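Engineer: First, the structure itself, so that you have it in front of you.
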Amino acid sequence: MSSNVVWHQHQVGHQQRQQLKGHGAAVLWFTGLSGSGKSTIANALEQQLLQRNIHSYLLDGDNVRHGLNGDLGFSDDDRVENIRRVGEVSKLFVDSGTLVLSAFISPFQADRDSVRELLAPGQFIEVFVDTPLEVCEGRDPKGLYKKARAGEIRHFTGIDSDYQRPQQPEIHLHTAQQSVQQSVEQILAYLQQRVL
Ligand code: ADP
């Protein structure tokens, strides 16, 4: 950052925006293998939030890679930068009073922790979408595992790139044993208690 850039303190702050919206703000950080169900669950949750008049915004890995992070690939360095930018964007959305749903594989614990550190205590909620590799590969909703196994995609998480399981996620979902709706209800119960 340039040493000549000084933070400008504005009159309208987080508190006022939160009052205007009428609910708390936080980041639900969905992490898990490709095909684990991050987007599906986040999408179903967002519909429920809308019905409850909760202002939310879904940042989805694939979509962000079309625009903001369109210049990044899947090397370890690019993955780190991908998550760093999304973390900063998530922080801005939280400041705006929005409940952010971020759905990214985010395979490295250190990257997830660095997003956590950007936010105030309680504002970062790690949601581990815990689905065994075999199940994700069986679902293969985008045909990506097939391509990775054929060697057409390199650095694919779970195949030839590491996934570090969250050690202490705030919310732990087991999608091989629970339906999308059950996962949504588990998250809503957590939000009702701690955030909304
Ligand atoms: P990701 O965003 O993690 O890459 P997606 O949500 O795109 O994963 O894909 C998950 C796929 O698994 C979808 O096709 C979804 O319909 C399917 N699926 C089957 N059972 C479940 C479940 N219990 N929870 C979440 N997704 C499930």
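The values are calculated or read from the model by the stated rules, or taken from the named source; none is laboratory data. Quick caveat, the model's predicted, so the values are computed rather than measured. When we count neighbours, we look across all protein chains shown, and the Cβ atoms used for this are built from the backbone with ideal geometry, even at glycine. These area figures cover heavy atoms from the full protein model, side chains too; ligands, DNA and RNA do not enter into them. Shrake-Rupley method; radii C 1.70, N 1.55, O 1.52, S 1.80 Å.
Engineer: Give the long-range amide H neighbours of SER161: residues separated by 5 or more places, or on another chain, with amide H under 5 Å away, using H modelled in the peptide plane at 1.01 Å from N.
Structural biologist: PHE156
Engineer: Right, here's the next one. For the stretch 71-184, what percent of Cα pairs sit more than 21 Å apart? Spell out each step's value before the answer.
Structural biologist: Details: 2898 of 6441 pairs.
More than 21 Å apart: 45 percent of the Cα pairs in the stretch 71-184.
Engineer: Which of the lysines could a cross-linker bridge to LYS91, judged by Cα under 25 Å and excluding same-chain residues fewer than eight apart?
Structural biologist: Correct list for LYS91: LYS21, LYS38.
Engineer: Can you tell me the mean projection area, over all orientations, of the convex hull of the chain's alpha carbons? Units nm², please.
Structural biologist: Directional mean of the projected Cα hull area for the chain stands at 12.1 nm².
Engineer: For the chain, with every protein chain kept in place, what is the accessible area per residue (1.4 Å probe, Å²)?
Structural biologist: Normalised by residue count, the accessible surface of the chain is 55 Å².
Engineer: Taking all protein chains as present, what is the carbon and sulfur share of the accessible area of the chain, in % to the nearest whole number, probe 1.4 Å?
Structural biologist: On the way: 5430 of 10850 Å².
Here carbon and sulfur together make up 50 percent of the probe-accessible area.
Engineer: Now for a separate question. Please determine, in degrees from 0 to 90 and to the nearest 10, the orientation of helix 109-118 with respect to the longest principal axis defined by the Cα atoms of the chain, where the helix direction is its Cα long axis.
Structural biologist: Rounded to the nearest ten degrees, it is 10.
Engineer: Right, another one. For the stretch 128-188, what's the radius of gyration and Dmax over Cα atoms, in angstrom?
Structural biologist: 13.5, 40
Engineer: Can you run phi through the Karplus equation (6.51, -1.76, 1.60; θ = phi - 60°) for the stretch 149-156 and list ³J(HN,Hα) in whole Hz, with x for Gly and Pro?
Structural biologist: 5, 7, x, 7, 10, 9, 6, 8
Engineer: Continuing with this model, one more query. Rounded to the nearest 20 Debye, what is the dipole magnitude of the chain about its Cα centre when Lys and Arg each give +1 and Asp and Glu each give -1 at the C-beta?
Structural biologist: Dipole size: approximately 460 debye.
Engineer: Just check the stretch 1-107 against the gyration tensor rule for me: Cα atoms, a ≥ b ≥ c as the square roots of the eigenvalues, rounded for a/c under 1.5, and otherwise prolate or oblate depending on whether a/b exceeds b/c.
Structural biologist: Oblate.
Engineer: Oh, and also: Amide H neighbours of PHE124 under 5 Å, counting only residues 5+ apart in sequence or on other chains, H built in-plane at 1.01 Å?
Structural biologist: Answer set, sorted by chain and number: VAL27.
Engineer: Using a 1.4 Å probe and ignoring any ligands, DNA or RNA, find the accessible area of ASP95 and quote it in Å² to the nearest 10.
Structural biologist: About 70 Å², rounded to the nearest 10.
Engineer: Under the rule of -39500 (n - 2.57) per DSSP H run of 4 or more residues, summed and divided by the residues of the chain, what mean residue ellipticity at 222 nm is obtained, to the nearest 500 deg cm²/dmol?
Structural biologist: Details: 8 runs with 86 residues, N = 196.
Estimated from H runs of four or more residues: -13000 deg cm²/dmol.
Engineer: For the stretch 64-110, what D do you get in µm² per second when you plug the Kirkwood radius from alpha-carbon pairs into Stokes-Einstein at 37 °C and 0.692 mPa s?
Structural biologist: Approximately 289 µm²/s, per Stokes-Einstein.
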